[in-house]
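Below is one structure; the comments refer to it alone.
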Amino acid sequence: MRASHSFRAALLAAGVAIPALACNVACAAGDETPASAFIVTAQQTWQGVSGSFRDAVPRVDRAGNALMLIETRRDRIDLLARHVHATEHRCGGFFAFASRAEAETFLASDRAQDVYAREPRGGYTIDNPATVQPWLAQVSEPNIRATITHLESYHTRHYASPTGSEAAGWIRDTWLALANGRSDVSASLFTNCNDCGNQPSVILTIEGTTWPSEVVVLGGHLDSINWDASGNSSARAPGADDDASGIATLTEILRVAMDSGFRPQRTVKFMAYAAEEVGLNGSQAIVSSFQADSVNVVGVLQLDMTNYRAPGQADIEIITDYTNAGLNSYIGTLFDAYLQPLGRTRSSSPCGYGCSDHASWTAAGYPSAFAFEGGGINHSFDLIHSAFDLIQNMGNTADRSVPFAQLGLAFLGEVAKGTTASSDLIFEHGFEAD
């Protein structure tokens, strides 16, 4: 995400060895004919690597953004990803598909323009402090730190690795244990993805008491990758900030809510997405499934990297592009109501095309928001996507994730609500398509 990689340079100066670029995933697996991939990315991003990706055709989405559809070998995705990381100073930057037909269908059905300014009937409200306020002081930095430490202990959480699948199973079991046997809570591994390797996504569901057909989503990605090693599935990729921190934050939000006996009016789904680093594959698969089943999602909050804050920067950055303007405004109002009195600060910035899993929801016409670590994309932790994305390189603390857990609890308590009062039924009949 950062071009300077100053922290990495300091490690080199200190004599710490950083892995050279290694063989790609397909080569490491011994594949003689790597599978094809079809990538949709911004035209500006493609121009930076056009010499390496010549089989590309221009496309324009409904918002007028200039895009490119690239056909390439799957083992060359890392060239694009590293360009986005090192040159554009951000993460993500593209959607990946297993076939041209899937990519063309995605482009033809894009609904991002529809959702940018759309609002639910009734609007988002803030009127549940009796539930939210007691939660804020219950957020535990040691709990978040312990989850990050466990997740970084996997050699890698790469989507094609055995440990990537093991990590998903651990998240499911950990989340389900927090529910302590509640009959209205279930957790499953989502495997209906044709391009997620061995890695399932994780979905924990809390059934709504009053409007169960209205769904609130809180998510982050569970996979990690080491682009210094060309995305090699066997390379060390602890991914402490990217995105063990987001999963740890979600885990703490769930713990506090379950400990309080919270029973939401709306159905709540906590999600840990597979295969985000290689084209938002896990979230795309879930969103496609939700579309097919006509699931009425009324709000999505993405947490991808929560445990770094650049010196002098705000605690939380609200990402302004490829998100829903009304939900962004609401997130800011939530912050001001609940976190500003605690001395927390916020700012906002763009992230670019397809930079995290919220973009999958936006492209499908669902309202999404993305809260990112302070300083924005240009000042994010410069050791991500390497063997050095470790909590010890973030001061051995999860302090910076605490406000994200508090914001997530405010989002949960206010959007899903926690009573059966008719006045709290803010969506009337949901965030339905016009």
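Some points to look at:
- Relative contact order (%) - the chain, alpha-carbon pairs under 8 angstrom, separation at least six: 23 percent
- Helix axis angle, 141-152 relative to the chain longest principal axis, alpha carbon, degrees: 30 degrees
- Least to most buried among Met271, Met68, Met305 (fewest other Cβ within 10 Å first): Met68, Met271, Met305
- Label-to-label distance, Gln138 versus Leu189, with points set 7 angstrom from Cα along the beta-carbon direction: 3.0 nm.
- Remark: the Cα gyration tensor places the range 113-424 in the rounded category, a/c being less than 1.5.
- For the range 260-315, the spread of Cα coordinates along the three principal axes comes to 45, 37, 17 Å, biggest extent given first.
- Relative contact order, percent, the range 329-409 [alpha-carbon distance under 8 Å, six or more residues apart]: 33 percent
- The slack between Asn180 and Ser347, meaning 0.36 nm per residue of separation minus the straight C-alpha distance, is 56.4 nm.
- Each label point was placed 7 Å from the Cα along the Cα-to-Cβ direction; for Gln47 and Asp127 their separation is 5.0 nm.
- The chain: antiparallel DSSP beta bridges as a percent of all, rounded to 5: 55 percent
- Taking the longest Cα principal axis of the chain as reference, the axis of helix 402-411 is set at about 50 degrees.
- Sorted by Cβ neighbour density within 10 Å, fewest at the top, the residues Ser329, Ser224, Ser183, Ser230: Ser183, Ser329, Ser230, Ser224
Laboratory data are not the source of any read-out in this text; all were calculated from the coordinates shown. In this text the structure is predicted, and so the values were computed from the model without any measurement. Every residue, glycine among them, receives a Cβ derived from its backbone with ideal geometry; neighbour counts consider all protein chains shown.
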